1. Can you confirm whether segment B:47-55 contains a residue that is touching a helix residue (DSSP H, G or I) at 6+ places or on another chain (Cβ under 8 Å) and either surrounded by 15 or more Cβ atoms within 10 Å (Cβ to Cβ) or over 18 Å from residue B:146 (Cβ atoms) (or both)?
2. Show the residue pairs meeting these rules: Cβ distance below 6 Å; 6+ apart or different chains; first residue within segment B:10-37 and within 14 Å of residue B:112 (Cβ to Cβ); second residue part of a loop (DSSP other than H, G, I, E, B).
3. Return yes when residue B:243 is more than 14 Å from every other protein chain (Cβ to nearest Cβ), open to solvent by less than 50 Å² (accessible area, probe 1.4 Å), over 30 Å from residue A:30 (Cβ atoms) and touching a Gly at 6+ places or on another chain (Cβ under 8 Å) and no when it is not.
4. Which condition from (1) of a type in the set (Gly, Ala, Ser); (2) closer than 23 Å to residue B:75 by Cα; (3) touching a residue at least 60 places away in the same chain (Cβ under 8 Å) is the one that residue B:119 breaks?
5. Looking only at segment B:177-194, filter to residues that are out of contact with any Gly (no Cβ under 7 Å at 6 or more places or on another chain) and farther than 15 Å from residue B:159 by Cα; which one of those is surrounded by the fewest Cβ atoms within 10 Å (Cβ to Cβ)?
6. Please state which of the following conditions residue A:78 fails to meet, knowing it meets all the rest: (1) open to solvent by less than 20 Å² (accessible area, probe 1.4 Å); (2) closer than 14 Å to residue A:132 by Cα; (3) not β-branched (Val, Ile, Thr).
7. Kindly check whether there is at least one residue in segment B:251-269 that is assigned to a loop (DSSP other than H, G, I, E, B), within 14 Å of another protein chain (Cβ to nearest Cβ) and either in contact with a strand residue (DSSP E or B) (Cβ under 9 Å, 6 or more places away or on another chain) or open to solvent by 20 Å² or more (accessible area, probe 1.4 Å) (or both).
8. Do you know which of the residues in segment B:74-95 that are in a strand (DSSP E or B) and open to solvent by 10 Å² or more (accessible area, probe 1.4 Å) is farthest from residue B:41 (Cα to Cα)?
Amino acid sequence: MRGVNLEVGDREIHSIIGANGAGKSTLAYTLMGLQGYEHEEGSLIFNGEDVTKLSITERARKGITLAWQEPARFEGLRVRDYLAIGAKANGGITEEGLKEALRKVDLKPEKYLDREVGEALSGGERKRIELASIITMKPKLAILDEPDSGIDVVSLKEIVALIRTLKENGSSVLVITHREEIAAASDKASLMCEGSILRSGDPLEISEFFKNRCIPCDNRVSPPKAA
Amino acid sequence: MTQITVNTLSSEIENMDAAYSAAGGDAAVLHKHELASLVVSGNKVLNANGTEGIVLERQETEHGVDIKMTIKKGYKIPLPVHLCFGLIPEDGLQEIKMNFVAEEDSAVELIAHCTFPNAVKVIHRMDAQMLIGKNASLKYTETHFHGPHGGIQVIPKAHVRIEEGGSYYTNFSLISGRVGYLEFDYSVDAEKDAICEMVTKVYGKKDDKIKILEKISLNGENARSVIKSRLAITDNAESEFRGITEGHAPRARGHVDCMEVIQGNARAEAVPIVRVDNPLAKVTHEAAIGCVDKKEVETLMARGLEEDDAIDVIVKGMLA
């Protein structure tokens, strides 16, 4: 990545749009401080504090978290225990809180709470559990890497509602997406190309720009016709 | 109804209750007359309580106890039978010989805790012969606790025969405390329509040594089996796993699944072996040895756990 200047406001939903390979997930991993995605230059300021050198755990305890595009499997770990981990920093969670988190991602608590995260759940189900774990954590900044992938179109509305709920609960949300519906629900959007932020602004304008200017330009998205 | 109450020193009972609890059991179940139970400390039977449908015979020997347990034909024992074997002193030898028979159409669940909380120089041997009769079912859960010192050799050996339509589920778990030296050797012969599932979960630390040999011979038509092994080893621990499944009959189906997580200077070896001599049988296997999954660790760190705590959660989840 280079030339990435990005500001996410308090309780702002900010979409990152861009073609495959533009660096959107790399940006998410860098913000979370994952191994192999450390800063070489530049800085990350969170709530006025430089967190550039902090570890993943330290960033999480400051209130930053990440929902992966392809969630981990966690053999043997029950859904209730997974959801409770994120809530520890906030003084724990009640049984009703766990159930409510599952309901918000359209999963029946009585069916899922005592199942294993990795136990033959579909990709969509694991994705919803990943999002539920963000709800129980109540982060200040939730980074969602393509929360819509692996989830059917009908459920897009629920994802949008979930993102809004996170905002209402006090979180800023940085959401990486290809979906216009999610971008449209954002307060602001930024367009990434080849590791840089091309422009930031009104989500509908950014989305239109991406559709009309980027997609025809980018052969990774729209391969050129053979001569 | 067979009910035998053996008078013995109350302090021994208290010690075994404490040891049973240390192994993860609820000692109260050992004193409920409506539940069948057997408690053996060293070579003494502290408690032997049968219920209707169970014939329990025991004979104290120089270093242990010979046990014969029979589940009578047609009896479905509604509540689990609790077994506790252990040795309280720091050193000693315990040899358990068990002859278990589940007669035709019977069903029972055995919950065993083997506990050696103070072991510094202890040897525990178990030699079991199990017969699961026609359409009978045995579920056998065995949890071990060997204390913090690692000064123990545990050598359980069993041969199980499952007759037509019978089923055998076993879950061996040694997760808390040290392992010491474990040499686990179970073999199963499965006849027509028999079902067998064997699960072992062990967490080795420091200089623990773990050897697991599990063998299932699918001798009868349509016999089915799974061997599932989950091992985690850290520090300088070593593990060897051999999971053998043989398919000898039409439509026999078997699978061997071994996953080992290693950390530190630990060394692991996993060898799944499949042998098939019937063209209509099918046996598959998978084995993986590696470090803890990086994405799982980073996910839990992104929820606020320190790296070591994240690894602990993942390993315990895998062994749960």
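1. Yes, that holds for at least one residue.
2. Here the result reads B:19/B:117; B:29/B:35; B:35/B:79; B:36/B:50; B:36/B:51, each pair linking segment B:10-37 to a residue that is part of a loop (DSSP other than H, G, I, E, B).
3. No, not satisfied.
4. (2)
5. Checking each candidate, the answer is B:181.
6. With respect to (1) open to solvent by less than 20 Å² (accessible area, probe 1.4 Å); (2) closer than 14 Å to residue A:132 by Cα; (3) not β-branched (Val, Ile, Thr), residue A:78 is out only on (1).
7. No - not one qualifying residue is present in segment B:251-269.
8. B:76
The values are calculated or read from the model by the stated rules, or taken from the named source; none is laboratory data. Since we're looking at a predicted model, the values are computed, not measured. Methodologically, a virtual Cβ is constructed for each residue, glycine included, from the backbone with ideal geometry; neighbour enumeration extends over all protein chains shown. Note: areas computed on protein heavy atoms with side chains; ligands, DNA, RNA excluded. Shrake-Rupley method; radii C 1.70, N 1.55, O 1.52, S 1.80 Å.
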